[in-house]
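The values are calculated or read from the model by the stated rules, or taken from the named source; none is laboratory data. Predicted model only: the values in this text are computed from it and were never measured. Here the Cβ is made from the backbone with ideal geometry for all residues, glycine too, and neighbour counts use every protein chain on show. These area figures cover heavy atoms from the full protein model, side chains too; ligands, DNA and RNA do not enter into them. Shrake-Rupley method; radii C 1.70, N 1.55, O 1.52, S 1.80 Å.
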Amino acid sequence: MLSGFYTAASGVLTNQRALNLNANNMANVKTPGYREQRLIKTTFEEEFLRMQGGKSTSMGSGSLMTAAASQAVSFKPGDLTETGGAYDLALGGDGYFVIQGENGEYLTRNGNFRMDAEGYLSLNGIGRLMGENGPVNPGNEGFQVDEQGTFRNGKGDILGTLRIVMPDIPENMQFYENGMFQAGNAQLLPVNTAVIQGSLEGSNVDLSAEMTRTMEIQRAFQSCSKALTIIDQMNQKTVSEIGKI
């Protein structure tokens, strides 16, 4: 009886995490440069063995419980949309913008920049866009950015060059719910990627697919919840019958 209880309970918990990820994906469908997330599931026994250093020791006849192994990020690029905005930037290939935030440097494909009170290009609520020699300050006289990421003012004077980087192993980056990354265990390498001024990269979330997947997860969640209720009722009946003996 307890075996079935643990199996159903693990299904409820794992599907709840999957629902949370799907909800965050749908909430960020309009966030420029956002990358969708997926929950990777495994069995509890496989996850336990990994935590024990991969040693294959007998655990007896356990129940078939599911567990969340990790969260995977899709690095498929989003569609580019021309906006005509001078502050909007997109990358035409691999790479990430570097943002200096309060808690270190962040990496992002979100090029929806704005000028802050001190004249620096910044990402709202995150931090300032970084060039090779520090934060980018194009001034108030207008600016242009060429494909090499070089900033020029209205007079054509060079103001600096964007810092564009690419992690050696993207999967080693740390991902945040707002679509930001931090290097994590990845090594950041400079990369030559075309910069497109006046365009934004959209998220790579397919809303129709997310809605379908959410319904599937909800059905699995409800099935596990119903199983828990049935097992609980059976336990109560068993206790009641034993009490009559």
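Checking each residue in the range 21-41 for being of a type in the set (A, V, I, L, M, F, W, C) and free of Cβ contacts under 8 Å to residues at least 40 places away in the same chain picks out 27, 39, 40. Filtering the range 120-167 to residues that are at positive phi, at pLDDT 90 or above and not in a strand (DSSP E or B) leaves 125, 149. The set of residues in the range 19-72 that are modelled with pLDDT of 80 or more, part of a loop (DSSP other than H, G, I, E, B) and open to solvent by 80 Å² or more (accessible area, probe 1.4 Å) contains only 30. When restricted to residues that are part of a strand (DSSP E or B) and at pLDDT 95 or above, the range 79-104 contains 12.
Which of the residues spanning the range 98-122 are among the basic types (Lys, Arg) and free of Cβ contacts under 8 Å to residues at least 60 places away in the same chain? The answer is 114, and nothing else.
Could you please let me know if residue 212 is in the same structural domain as residue 36 (by the TED database), under 23 Å from residue 24 (Cβ atoms) and of a type in the set (Ser, Thr, Tyr)? For residue 212, the condition - in the same structural domain as residue 36 (by the TED database), under 23 Å from residue 24 (Cβ atoms) and of a type in the set (Ser, Thr, Tyr) - is met. Here is the figure for the range 73-124: residues that are open to solvent by 40 Å² or more (accessible area, probe 1.4 Å) and of a type in the set (Val, Ile, Thr) total 2.
Could you count how many residues in the range 146-177 are surrounded by 18 or more Cβ atoms within 10 Å (Cβ to Cβ) and more than 25 Å from residue 104 (Cα to Cα)? Residues meeting the conditions: 0. Testing residue 127 on (1) surrounded by 20 or more Cβ atoms within 10 Å (Cβ to Cβ); (2) under 25 Å from the mean Cα position of the chain (by Cα); (3) over 29 Å from residue 20 (Cα atoms); (4) of a type outside the set (Ser, Thr, Tyr), one condition comes back false. Which one is that? Tallying (1) surrounded by 20 or more Cβ atoms within 10 Å (Cβ to Cβ); (2) under 25 Å from the mean Cα position of the chain (by Cα); (3) over 29 Å from residue 20 (Cα atoms); (4) of a type outside the set (Ser, Thr, Tyr), residue 127 fails exactly one: (3). Against the list (1) open to solvent by 60 Å² or more (accessible area, probe 1.4 Å); (2) within 24 Å of residue 102 (Cα to Cα); (3) assigned to a loop (DSSP other than H, G, I, E, B); (4) not charged (D, E, K, R), the condition residue 192 fails is (2).
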